[in-house]
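So the structure is just underneath, and the comments pick up after that.
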Amino acid sequence: MNRKEWKIPYDRPSFPQELLDAGCPRLLAAVLALRGVTSRQEMDTLINGGEELLHDPMLLSDMPKAVARVHRAIEAGETVAVYGDYDVDGITSTCLLTDYLRYKGLRCLSYIPDRSEEGYGLNDSAVDVLHSQGVSLIITVDCGITAHEEARYAASLGVDMIITDHHECGDSSLPAAVAVVDCKRPGEPYPNHYLAGVGVALKLVCACEGKTHEMVERYCDLAAVGTVADVMPLVGENRYLVRRGLEKIESSPRPGIAAMLREAGVDNRKLTAATIGFSLAPRLNAAGRLGCPATAEKLLMSSDPAEATALAVELCELNRKRQSIETDIWREANEMLAETEPDAPIVLASDKWHQGVIGIAASRLAEQYSLPAIMVCLSGEVGKGSCRSYGGFNLFDALSACSEHLIGFGGHALAAGLNIRSDKLDDFRAALARYYRDNRPAPVPEVQPDLLICDPELLSIENVKALDLLEPFGNANPRPTMCLCGVKLESASDVGGGKHLRIRVRLGRESFEGIFFSHTAAELSLHSGDTVDVAFTPQINEFHGHVSVQLLVSALRLHDGGALCARILNGERGALWAAAAYCPERSDFIRVWHMAEQDGFRLAPTAEEILASAPAGMAEETYCLCLAVLREVGLLSSPDGGIYGAEKAEIEGKADLENTEIIRALKSI
């Protein structure tokens, strides 16, 4: 963790006066300003926006055609099939549309392909099965946008197809279906291009019924689960659907969701988007990953609490099995890498791994080694691989460049899948390494807090509680992260059987407790009394009736003021706000001036070298401020007027250090 690069926001936060006048607490006002919200109206829309955020479903291309065909099926009493996907978005989409069509009196079959046997999307064999059962209309959800061959095949059997999807279309051509409803169609006029698959399915239902309010109220819980699980941006109408869905789950959850919340042990906690992301979604996903998506579908469709409880228990067991398999795969992968120090994308293969779980293990490896990771599940001479990116590396472009070694591939920049012959693995690994060396992404700081906290009052209970108004948090609306820099570590102790670290740090006159999960003091080489930097999200902790602010730590290191010092030395006045706590005293100036009076004194040409010469026991920031003030009054000078390479200089009269622009600015702060 100490090796991670940090980018600390040293600029002073903004507190828009219009927000403060509207009663917005200061910490929330600063976070809103960072997100471009500076007026009372913008704040009210973000926090309290209602159904006015929903767009007319008929704006989606081909929606009138889809509605007309569904109405014809209802009037004729046709047998219809909903064809979905095995992830959470696909399962919730399938349940939503299947329930609606049955509610309208149709015989509606649902079909979710087997992940291992059939893979993602439509296939001709599934079309045959549905056709043999009397299906005359197939409606896809969360898939189908690239099903050109399958749409033609269905048409040859006399089966119509409506495609609803939210994935990229690839080339500009669309499948020859009765209607193709996709918020990412080229030139799509619908304002929200980031609906989840379940969001598109909901829009179809709203359009067919002609009553958006009633349909949103009926299905907002499913829409919320699918939207959060598929990591869609939680802004605009997505944010409203998720917020309304969370409210419905809290007040009147369907039996399946209530049972899952109980089995996950979170039914007595406040429900948030994180509850969906970390408690519900993994359990629903486990069913699809291990070839049992019907279990998850049946759970969400169940109206019997006893049946729902039994299915929730089964799902939780599947999730535990998935976790065990994932851990075994991850350990085997680490053993394969034990004798190496990877510096290019990781490509590993085994005939023992589970196809449905290798993607999660690949994600763990990518995070662990800070490199893209590809894990291939071999079956005979052919393997199927799951690919995960890291650091902004474009996987899709990389696979395209190495496609001569692949049978096929698909996906996007951050995640992809591939098929490869086992005898091509070495060639592919080498080609991918060459491509990576030529296209290595620029390093991105791994720790990038939103706010630097210098005033402990910003972490008051009132301020931290106000951040809950930004719920639901998620993609495009993340929970704000903050940092404390140069604070005293008052205590550090391992808790939870030695697995986690509890800390206490002091900022000014206030102390704050924090918890850093899955880390220990020994691992971080930290001790009580150290000066540290802490990245965290603040939260309210209630224990035995005592309410306090707790720091949920995301990164922790020995204090490093190098970046701030460089800004001070470069004369950046905006950095003074963050340096106010290091304002020099008279004794500091005396020590530094005695250094400058020594023969041969000259400041080094780089910030790093200047910091190396700081007096013992003096904070680096204080030393740099002393140098900057001495340069301002003319006691240090260089040929170019800057600080680097500066030497002692003579001035007329006595230097008034207290009246310099820098000291006045520091004291005013």
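Couple of notes before you dig in:
- Amide H within-cut-off set for TRP353, under 5 Å, with H built and near neighbours excluded: LEU378
- Per-residue surface analysis assigns ASP560 an accessible area of about 70 Å², computed on protein heavy atoms at 1.4 Å probe radius.
- The residue list LEU507, LEU299, VAL464 was ranked by how far each Cα lies along the charge dipole of the chain toward its positive end, using unit charges on Cβ atoms, and LEU299 comes out on top.
- Sparse-neighbour loop sites [trypsin sites (Lys or Arg not before Pro); region 416-525; at most 13 other C-beta within 10 Å; DSSP]: LYS499, ARG509
- FRET efficiency, 1/(1 + (r/R0)^6) with R0 30 Å, evaluated for ASP427 and VAL129 via beta carbons: 0.20
- A 1.4 Å probe, protein heavy atoms only, puts the accessible area of ILE651 near 60 Å².
- For q = 0.09, 0.12, 0.17, 0.18 Å⁻¹, Debye-computed log10 I/I(0) when each Cα of region 1-150 counts as one equal scatterer: -0.55, -0.72, -0.95, -1.03
- Computed lengthening from TRP577 to LYS667, 0.36 nm per intervening residue step minus Cα-Cα distance: 31.4 nm
- HN-Hα J in Hz across region 111-120 - Karplus 6.51, -1.76, 1.60, θ = phi - 60°, x for Gly and Pro: 9, 10, x, 6, 4, 7, 7, 10, x, 6
- Cα centroid separation, region 365-424 to region 595-669 (Å): 54
- Surface share of carbon and sulfur [accessible, 1.4 angstrom probe, percent] for region 1-147: 45
- With both residues required to sit in the chain, DSSP beta bridges show an antiparallel share near 65%.
- Shown here are the Rg and Dmax of the Cα trace of region 520-603, at 19.1, 64 Å.
- The gain in end-to-end length when the ARG40 to HIS594 segment is fully stretched comes to 194.0 nm, 0.36 nm per residue minus the alpha carbon separation.
- Considered as an equivalent ellipsoid built on the Cα gyration tensor, region 269-314 has semi-axes of 18, 15, 8 Å, the largest given first.
- Efficiency of FRET between GLU18 and ALA476 - r from beta-carbon atoms, R0 25 angstrom, step 0.05: 0.60
- Paramagnetic reach from VAL495 in region 527-567 [backbone N under 16 Å; point 7 Å along Cα→Cβ]: 537-554
- Here the 3J(HN,Hα) profile of region 64-74, calculated from phi with Karplus coefficients 6.51, -1.76 and 1.60 at θ = phi - 60°, is x, 5, 5, 5, 4, 6, 5, 4, 5, 5, 5 Hz, Gly and Pro shown as x.
- Looking at region 317-393, the trypsin sites (Lys or Arg not before Pro) that sit in a DSSP loop and have at most 13 other Cβ atoms within 10 Å of their own Cβ are LYS352.
- Computed from the Kirkwood radius of its Cα pairs, the Stokes-Einstein diffusion coefficient for the chain at 37 °C and 0.692 mPa s stands at 115 µm²/s.
- For region 311-364, the pair-distance distribution built from all alpha carbon pairs, in bins 10 Å wide starting at 0, is 22, 48, 21, 8, 2 percent.
- Ranking VAL141, ILE276, ILE8 by Cα position along the charge dipole of the chain, where only Lys, Arg, Asp and Glu carry charges on their C-beta atoms, puts ILE276 farthest toward the positive end.
- Approximating the spin labels as points 7 Å out from Cα along Cα→Cβ, the ARG440-to-GLU247 distance works out to 5.1 nm.
- Compactness index (Cα Rg / 2.2 N^0.38 Å), region 141-254: 1.14
- Loop-located GluC sites (Glu not before Pro) in region 284-360 whose Cβ has at most 13 other Cβ within 10 Å (DSSP): GLU339
- Estimated from helices alone, the mean residue ellipticity of the chain at 222 nm is -12000 deg cm²/dmol (sum of -39500 (n - 2.57) over DSSP H runs with n ≥ 4, per residue).
- Separation of region 176-237 and region 280-317, taken as the distance between their Cα centroids, equals 23 angstrom.
- Rounded to the nearest 20 debye, dipole of region 227-317 from Cβ charges on Lys, Arg, Asp, Glu: 320
- Heavy-atom accessible area for TRP353, with the other protein chains in place and a 1.4 Å probe, reaches approximately 10 Å².
- On a per residue basis, the convex hull of the C-alpha atoms belonging to region 567-630 measures out at 84 Å³.
- Region 62-193: C-alpha gyration tensor shape, a/c 1.5 cut-off, then a/b vs b/c: rounded
- Base-10 log of normalised Debye intensity for region 84-150 (one unit scatterer per alpha-carbon) at q = 0.15, 0.21, 0.23, 0.28 Å⁻¹: -0.46, -0.92, -1.08, -1.41
- Rounded Å value of the spacing that divides the Cα centres of region 18-76 and region 492-514: 40
- The chain, dipole about Cα centre (Lys/Arg Cβ +1, Asp/Glu Cβ -1), debye to the nearest 20: 800
- Rounded percent of accessible protein surface that carbon and sulfur make up, region 321-462, 1.4 Å probe: 47
- Here region 390-495 is treated with +1 on each Lys and Arg Cβ and -1 on each Asp and Glu Cβ, and its dipole about the Cα centre works out to around 500 debye.
- Straightening the chain between LYS7 and ARG72 buys 17.6 nm, computed as 0.36 nm per residue apart minus the Cα-Cα spacing.
- Residue among ALA344, LEU378, GLY392 farthest towards the positive dipole end of region 340-411, charges placed on Cβ: LEU378
- For region 513-669, the Kirkwood hydrodynamic radius from C-alpha pairs, put into Stokes-Einstein at 20 °C and a viscosity of 1.002 mPa s, yields a diffusion coefficient of 120 µm² per second.
- In percent, rounded to a whole number, the relative contact order of region 483-546 is 38, using alpha-carbon pairs under 8 Å and six or more apart.
- Förster radius 51 Å - calculated FRET efficiency between ARG504 and SER116, Cβ distance, rounded to 0.05: 0.55
- Residues whose amide H falls under 5 Å from that of ILE407, counting only those 5 or more places apart or on a different chain, are ASN419, ILE420, ARG421, with hydrogens built in the peptide plane.
- Note that the chain presents 45 Å² accessible area per residue, ligands and nucleic acids not counted, probe 1.4 Å.
- Overall form of region 31-113: prolate. Here a/c, set by the Cα gyration tensor axes a ≥ b ≥ c, is 1.5 or more, and a/b is the larger of a/b and b/c.
- Cα gyration tensor, region 304-439 - rounded (a/c under 1.5), prolate or oblate: prolate
- With every protein chain in place, region 494-615: carbon and sulfur % of accessible area (1.4 Å): 49
- Sorting PHE516, PHE278 by accessible area puts them as PHE278, PHE516; the probe is 1.4 Å, largest comes first, and only protein heavy atoms count.
- Descending Cα extents along the principal axes, region 131-181, whole Å: 31, 18, 14
- Debye log10 I(q)/I(0) for region 401-451, one point scatterer per Cα, at q = 0.17, 0.24, 0.25, 0.30 Å⁻¹: -0.65, -1.00, -1.04, -1.21
The values are calculated or read from the model by the stated rules, or taken from the named source; none is laboratory data. The structure presented is a predicted model; accordingly, all values stated were derived computationally and were not measured. Note: ideal-geometry Cβ built from the backbone for every residue, glycine included; neighbour counts use all protein chains shown. Please note that ligands, DNA and RNA were not included when accessible areas were found on the heavy atoms of the full protein model with its side chains. Shrake-Rupley method; radii C 1.70, N 1.55, O 1.52, S 1.80 Å.
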